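Trainee: Would you mind keeping the following structure in view while I ask a few things?
The values are calculated or read from the model by the stated rules, or taken from the named source; none is laboratory data. Fair warning: this is a prediction, and the values are worked out from it, not measured in the lab. Positions of Cβ are backbone-derived with ideal geometry, glycine not excepted, and every protein chain shown enters the neighbour counts.
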Amino acid sequence: MQIGRLERVHLGEFPTPLQELKNLQKHLDGPRIFIKRDDLDGLGLGGNKLRKLEYALFEAIEQCATAIITTGAVQSNHTRLTTAAANKLGFKTYLVLKGEEPKIATGNLLLDKLLGAQEIHYVGGPSNSNKDEMATMLEERAEQLEKDLREKGESPYYIPNGCKAIHGALGYSTCVLEIITQLRALGLAPDYIVTASGTCGTQTGLILGSALYAQGETQVLGMSISGDKEELGKRITQSLAEVAEFLNLKQKIGTEKITVYDDYIGEAYGVATGEMKEAVQLIAGKEGIILDPVYTGKAMAGLIDLVRKGRFEKDDVVVFLHTGGVAGLFAEGQIGTFQE
Ligand SMILES: Cc1ncc(COP(=O)(O)O)c(C=O)c1O
């Protein structure tokens, strides 16, 4: 099955810009570095979920859904973008968020509310710190909500946190094609693409895109923002197998194509690190581009560290994917981060 034949809805403005970070490159005395601006993809303050949602919400339309249910953290970029995209397509959105309702809505939660999410349910609190336990609680609450909505005559469509792996893979494989086309106009080709990795749909799609459009020669470097490299490696292997089966792929994508770094997470997901702060301030100061503290800040910290350690050749072309998330800078708990 050719990806171009798969139907999707139009949500974002693609291709997103590809910009060269010449000041950063000079500062680091490293390879050529470009930034792919998926934070500027044109809806609900932008971010990587739009490419995935184009496939997910097409499925919702096909199933004649009337409402979208999705889950995420209280400061979820995914729920913000799902709500924005659902608004554009005329769906109601029901959110199930991990954690307690804060007294004041900030960052992404403020935007979920501003976008008019129909209902926001909060599940668990600080005592439920076990990741698997929390995920089960969220799913159970979402299932209950699905039942309740059906009883009320709605036809809900459920989108898991970060979207189904297959939708991420489809969305991000075509991002590689965009990057290749944009660089070709400059007589260049991408040697590396660097991305933040959470649910890994983005990284899986980039690996697929490299196999389909670059003979696997573009190496994808995933920077984990939570979870060790073995855990993420397993997730990507499984998602690649699913997508290979779905597309009936003739070529095999080996596990040697999966590279995950887990050295830049720091204490935990969402907790600031010194390297993240340096990275966010460096890109803002040298390039006027704003990264976020949870995903792209940590991923950029990883890229800067690898450049300093000599991981790249001077003539390598490295593309950093800006996956969005800037609303996180204005979230309760992050606001103080850059104030000292
Ligand atoms: C801003 C941002 N960057 C990167 C990611 C990670 O993407 P993925 O879940 O596809 O690994 C997320 C996921 O929530 C995100 O919100």
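Trainee: If you scan region 80-116, which residues turn out to be hydroxyl-bearing (Ser, Thr, Tyr), surrounded by 22 or more Cβ atoms within 10 Å (Cβ to Cβ) and in contact (Cβ under 8 Å) with a residue 40 or more places away in the chain? Show your work before the answer.
Mentor: First pass over region 80-116, keeping only residues hydroxyl-bearing (Ser, Thr, Tyr): 82-83, 93-94, 106.
With the extra rule that they be surrounded by 22 or more Cβ atoms within 10 Å (Cβ to Cβ), the set shrinks to 82-83, 93-94.
Correct list: 82, 94.
Trainee: Given the residues 283, 304, 253, 290, which is the only one that is under 14 Å from residue 194 (Cα atoms), out of contact with any strand residue (DSSP E or B) (no Cβ under 6 Å at 6 or more places or on another chain), of a type in the set (Val, Ile, Thr) and not assigned by TED's automatic domain parsing to the domain that holds residue 76? Steps first, please.
Mentor: Details: 283 fails: under 14 Å from residue 194 (Cα atoms); 253 fails: under 14 Å from residue 194 (Cα atoms); 290 fails: under 14 Å from residue 194 (Cα atoms).
Just one listed residue meets the conditions, 304.
Trainee: For region 97-127: of the residues being among the hydrophobic types (A, V, I, L, M, F, W, C) and not in a helix (DSSP H, G or I), which is nearest to the chain's Cα centre (by Cα)?
Mentor: Of everything passing the filter in region 97-127, 97 is nearest to the chain's Cα centre (by Cα).
Trainee: Sort through 234, 277 and tell me the only one that's surrounded by fewer than 20 Cβ atoms within 10 Å (Cβ to Cβ) and over 19 Å from the mean Cα position of the chain (by Cα). First the steps, then the outcome.
Mentor: Numbers: 234 fails: over 19 Å from the mean Cα position of the chain (by Cα).
Within the list 234, 277, the selection yields 277.
Trainee: Tally the residues that are farther than 20 Å from residue 201 by Cβ, in contact (Cβ under 8 Å) with a residue 12 or more places away in the chain and in contact with a strand residue (DSSP E or B) (Cβ under 8 Å, 6 or more places away or on another chain), restricting the search to region 1-29.
Mentor: 6
Trainee: Still on this structure, I have one more. With the checklist (1) more than 22 Å from residue 37 (Cα to Cα); (2) among the polar types (S, T, N, Q); (3) under 14 Å from the mean Cα position of the chain (by Cα) in hand, flag the one item residue 136 doesn't pass.
Mentor: Condition (3) is where residue 136 drops out.
Trainee: Within region 37-57, is there a residue that is over 21 Å from residue 200 (Cα atoms), assigned by TED's automatic domain parsing to the domain that holds residue 289, assigned to a strand (DSSP E or B) and in contact (Cβ under 8 Å) with a residue 24 or more places away in the chain?
Mentor: No, region 37-57 contains no residue that is over 21 Å from residue 200 (Cα atoms), assigned by TED's automatic domain parsing to the domain that holds residue 289, assigned to a strand (DSSP E or B) and in contact (Cβ under 8 Å) with a residue 24 or more places away in the chain.
Trainee: Which one is farthest from residue 100 (Cα to Cα) among residues in region 61-79 that are surrounded by fewer than 24 Cβ atoms within 10 Å (Cβ to Cβ) and either more than 16 Å from the ligand (Cβ to nearest atom) or acidic (Asp, Glu) (or both)?
Mentor: Only one residue tops the list, namely 62.
Trainee: Which of the residues spanning region 180-204 are more than 22 Å from residue 311 (Cβ to Cβ), buried (at least 19 other Cβ atoms within 10 Å of the Cβ) and either among the acidic types (Asp, Glu) or touching a residue at least 40 places away in the same chain (Cβ under 8 Å) (or both)?
Mentor: 182, 198, 201
Trainee: Within the bounds of region 242-257, is there any residue that is basic (Lys, Arg) and touching a helix residue (DSSP H, G or I) at 6+ places or on another chain (Cβ under 6 Å)?
Mentor: For region 242-257, residues basic (Lys, Arg) and touching a helix residue (DSSP H, G or I) at 6+ places or on another chain (Cβ under 6 Å): present.
Trainee: Here's a follow-up. Kindly state which strands (runs of 3 or more DSSP E) lie completely within region 168-287 and contain at least 1 residues that are away from the ligand (no atom under 16 Å from the Cβ). Full working, then the answer.
Mentor: On the way: elements: 192-197, 219-224, 259-261.
Correct list: 192-197, 219-224.
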